[in-house]
Amino acid sequence: MTLLDYEDDNGLAAEYVLGLLTPDEVREVEERLGIDPEFRALVARWTEDLVSLTDDIPSIAPPRPLEGMVMRRLFPEAEPARRGWGWWPWLLGGVAAAALAVVALNPQLLSRSGQPDYAARIAAEDGSLVVEASFDRDSGRLELRRLSGAAPEGRDLELWLVELPEGTTISLGVLRRDEATTVVEVGPDLAPVFESNALAISEEPLGGSPTGQATGQVLALGPITDL
């Protein structure tokens, strides 16, 4: 697949915003964004439209006892004062609804071969860290593209698969520090776990958590959307 295979710029801009392009396609699009103001405006409109789909979704805070119980089950080793996950119910509901709405409005986005089975936008509440993920179940290829943010000095960003509602977590490895794109090979035993669950990112000691559970601050969370 090359950018010449796209029938129109609208579909190309939409797939770029949704994080459905390959790394090579992303590089081509970003080169074009630097020289084509009309295409840049089209990408900006798609970004605004996607965000606006969550405007009517109310933010619902969970009862404090329930929130604390869920957090302890998700990351039992994390320091309570550093978790900062009071926003996660809004994120899971709002972002999932936005992604599903965009796909429903634009079914042609899913027509090309090689389409991943699942996608997720793993984001901090303030946008300081945004990572887009796409997963192909047959090949076991999980591709992560960091759009903003970086690991704190002397720390690594670790990716977690969060099973809901049980709250168990599985480490999927550490994101590359020197490149925006990280590719993870997921075993066939884990592939079914991606359905209806979530991905999270925490900051950990260099090389990743030594305990198999998050020990540092949870920076971002995103629901996994079935495409």
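For this structure, a couple of remarks:
- In nm, spacing of pseudo-spin labels at Arg45 and Glu31 (7 Å Cα→C-beta vector): 2.6
- Rounded to 0.05, the FRET efficiency of the Ala180 and Asp226 pair, given R0 = 30 Å and the Cβ-Cβ distance, is 0.75.
- The slack between Glu153 and Val193, meaning 0.36 nm per residue of separation minus the straight C-alpha distance, is 11.2 nm.
- Sequence ranges 120-132, 35-47, 177-189, ranked by mean other-Cβ count within 10 angstrom, highest first: 120-132, 35-47, 177-189
All of the numbers you see were taken from the coordinates with simple rules; none came from a lab. Quick caveat: nothing in here was measured; it's all calculated off a predicted structure. Heads up, the Cβs are rebuilt from the backbone with ideal geometry, glycines too, and the neighbour counts pull from every protein chain shown.
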